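The next block holds one structure in the form of structure tokens; read it before the comments.
The values are calculated or read from the model by the stated rules, or taken from the named source; none is laboratory data. Model, not experiment: these values are computed from the prediction. With ideal geometry, Cβ positions are generated from the backbone for all residues, glycine too; neighbour counts draw on all protein chains shown.
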Amino acid sequence: MNTLDMLQEANRILSINDKGHYTVPTQGLYPFQWNWDSCLTALGQQSLNNDRAWIEIETLVAHQWDDGMVPHIVFHEHDDGYFPGPDVWRTGRPTPTSGITQPPVMGLVLEQLWQRSPQDETTRQRCVKLIEAADRWHAWFYRCRDPQQTGLVALLHPWESGRDNSIDWDAALAAVPVDHVEPYERRDTLHVDASQRPTKFEYDRYVALLQTFRDLNWDNSKLHDASPFQVVDPGFNAILIHSDRALARLAGQLDRPELASAAQRRADRGTTALETLWSAEHSQYVCLNRKSGGLVDSASVGGLLPLLVLPDGHPHLNALCRRLNHSLDVAPFGVASHPPEDSRFDGRRYWRGPSWLIVNYLLIKGLQDNNNAALAERIVNASLRCIEQSGCSEYYHPITGEALGGGTFTWTAAMVIEFLQHHGVSVAA
Ligand code: GLC
């Protein structure tokens, strides 16, 4: 596939998964609207149709909860092909949604959309509404997921991380009690081979956590302290901090000084607190298990994402770049979600080894902010190598480039457009 074929294929995938005002990640496996999928998809949509890109995020925000949370799934239409559906979540929303959230890339994406839009009054008003929504969401994070005011927010469910079955969660998840799990039937393994999906052990605990929160009527003032799973992820927090900085810059330009200072204050506190997650042993950031109080022995890609927030000249930048270069040396198809040297690595199983283009994109963004164009380009090339060999899949084996998970995948296609249009790759006619 040459670059023009890739671009055409990516555009085709965005249009077949487009439901008019939101996009499904892929037909069958994920038939609803997912939070961070939609935001990242808007980046690809914008080069086809600017208005459509803004609509994608407006649709998501229309389902923001009263307390500020933006849910991880919006169930716009009935579909039996996915578990757990609205009948299991029972969040009581007018349009059903899940009851947990996902990585807050919205702020980061809004800044890009704004910079690439005609900056007229209509776009300005749209953008102001969306940054106000993102600001409420971010305030919710620190209020409900950091009640002790440590400066770092916790995930209460592995699905919130967006890296569902990462090795990062193994120890914390094993401690979740499963004695009251209701009988359930998985649907994901009807669409994708079970060897590429989470295990039953993990699913039992995903469902147990969901039931715990449902029993508390999804009251976010209670969930954090009651949750048997509380993990602080450096990648998630870095995304939140980066998005807050983006909000602060946008709010400055859009004449919302109070919003700008609130976002900047949150980001500054988060940046300082992030340093408590540095692991000298792994030469990168790692998760903290807030329940046990210990750092997690897992050098996943989440711990490289603080590249998004470290300022030029920060003492840990070189170490993170070395880790990335090494990862590409041993696994040239994108950035492995977990190092192949670790005995727990599984190159085909979802977030336990495979590479994902959206994570590559976030790393590239961080590297570009830090003037490391050479390494950013290396990751762009590693990402496009996956597409060239295997098309737009959900994820890839990082050593062989094998296509894994769902096919014709929306956010992968959106990232292809992003890389080809905005990251220095020339599209040959
Ligand atoms: C999986 C991924 C998650 C994504 C969702 C829809 O659950 O782990 O990050 O948002 O699929 O693509």
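Check 205, 256, 187, 249 and return the single one that is buried (at least 21 other Cβ atoms within 10 Å of the Cβ) and basic (Lys, Arg). Full working, then the answer.
Details: 256 fails: buried (at least 21 other Cβ atoms within 10 Å of the Cβ); 187 fails: buried (at least 21 other Cβ atoms within 10 Å of the Cβ); 249 fails: buried (at least 21 other Cβ atoms within 10 Å of the Cβ).
Result of the check over 205, 256, 187, 249: 205.
Among the residues examined, residue 234 qualifies as in contact with a Cys (Cβ under 7 Å, 6 or more places away or on another chain) and either closer than 26 Å to residue 409 by Cβ or of a type outside the set (Ser, Thr, Tyr) (or both).
If you scan segment 310-321, which residues turn out to be touching a Ser or Thr at 6+ places or on another chain (Cβ under 9 Å) and surrounded by fewer than 24 Cβ atoms within 10 Å (Cβ to Cβ)? Before the answer, list the steps.
Within segment 310-321, the subset touching a Ser or Thr at 6+ places or on another chain (Cβ under 9 Å) is 310-311, 316, 319-320.
Residues satisfying the conditions are 310, 311, 316, 319.
Matching residues to (1) basic (Lys, Arg); (2) closer than 13 Å to residue 248 by Cα; (3) touching a residue at least 24 places away in the same chain (Cβ under 8 Å):
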residue	(1), (2), (3)
97	no, no, yes
104	no, no, yes
108	no, yes, yes
120	no, no, no
135	no, yes, yes
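Output yes when any residue across segment 299-319 is within 23 Å of residue 231 (Cβ to Cβ) and among the charged types (D, E, K, R), and no when none is. Among the residues of segment 299-319, not one is within 23 Å of residue 231 (Cβ to Cβ) and among the charged types (D, E, K, R), which makes the answer no.
When each of 390, 383 is tested for being modelled with pLDDT of 95 or more, in contact with a Leu (Cβ under 6 Å, 6 or more places away or on another chain), within 26 Å of residue 31 (Cα to Cα) and more than 16 Å from the ligand (Cβ to nearest atom), the lone residue that passes is 383.
Checked against (1) more than 26 Å from residue 379 (Cβ to Cβ); (2) under 21 Å from the mean Cα position of the chain (by Cα), residue 292 passes all but a single condition, namely (2). Out of all the residues in segment 67-75, is one or more away from the ligand (no atom under 12 Å from the Cβ), in contact (Cβ under 8 Å) with a residue 60 or more places away in the chain, crowded, with 23+ Cβ neighbours inside 10 Å and within 25 Å of residue 357 (Cβ to Cβ)? The answer is yes; a qualifying residue exists.
Does residue 178 meet the test of being away from the ligand (no atom under 16 Å from the Cβ) and either at negative phi or modelled with pLDDT of 95 or more (or both)?
On the way: away from the ligand (no atom under 16 Å from the Cβ): yes; either at negative phi or modelled with pLDDT of 95 or more (or both): yes.
Answer is yes for this residue.
Applying the condition of being among the hydroxyl-bearing types (Ser, Thr, Tyr) and outside any loop (DSSP other than H, G, I, E, B) to segment 1-43 and asking which residue is modelled with the lowest pLDDT yields 3. Right, residue 92: buried (at least 21 other Cβ atoms within 10 Å of the Cβ) and at positive phi or not? No: the conditions fail for residue 92. Here residue 186 meets the list (1) within 15 Å of the chain's Cα centre (by Cα); (2) more than 13 Å from residue 231 (Cβ to Cβ); (3) basic (Lys, Arg) almost entirely, failing just condition (1).
If we scan segment 133-150, do we find a residue that is under 30 Å from residue 348 (Cα atoms), buried (at least 24 other Cβ atoms within 10 Å of the Cβ) and in contact with a helix residue (DSSP H, G or I) (Cβ under 6 Å, 6 or more places away or on another chain)?
Of segment 133-150, the ones under 30 Å from residue 348 (Cα atoms) are none.
Within segment 133-150, not a single residue is under 30 Å from residue 348 (Cα atoms), buried (at least 24 other Cβ atoms within 10 Å of the Cβ) and in contact with a helix residue (DSSP H, G or I) (Cβ under 6 Å, 6 or more places away or on another chain).
Looking at residue 146, is it of a type in the set (Asp, Glu), away from the ligand (no atom under 16 Å from the Cβ) and closer than 17 Å to residue 234 by Cβ?
Details: of a type in the set (Asp, Glu): yes; away from the ligand (no atom under 16 Å from the Cβ): yes; closer than 17 Å to residue 234 by Cβ: yes.
Yes; evaluated as a whole, the condition is true for this residue.
Residue under question is residue 312, and the condition is that it be modelled with pLDDT under 95, away from the ligand (no atom under 16 Å from the Cβ) and of a type in the set (D, E, K, R); does it hold? The answer is yes for residue 312. Filtered by the rule that a residue be within 16 Å of the ligand (Cβ to nearest atom), farther than 23 Å from residue 240 by Cα and of a type in the set (Val, Ile, Thr), segment 85-142 gives a lone residue, 88.
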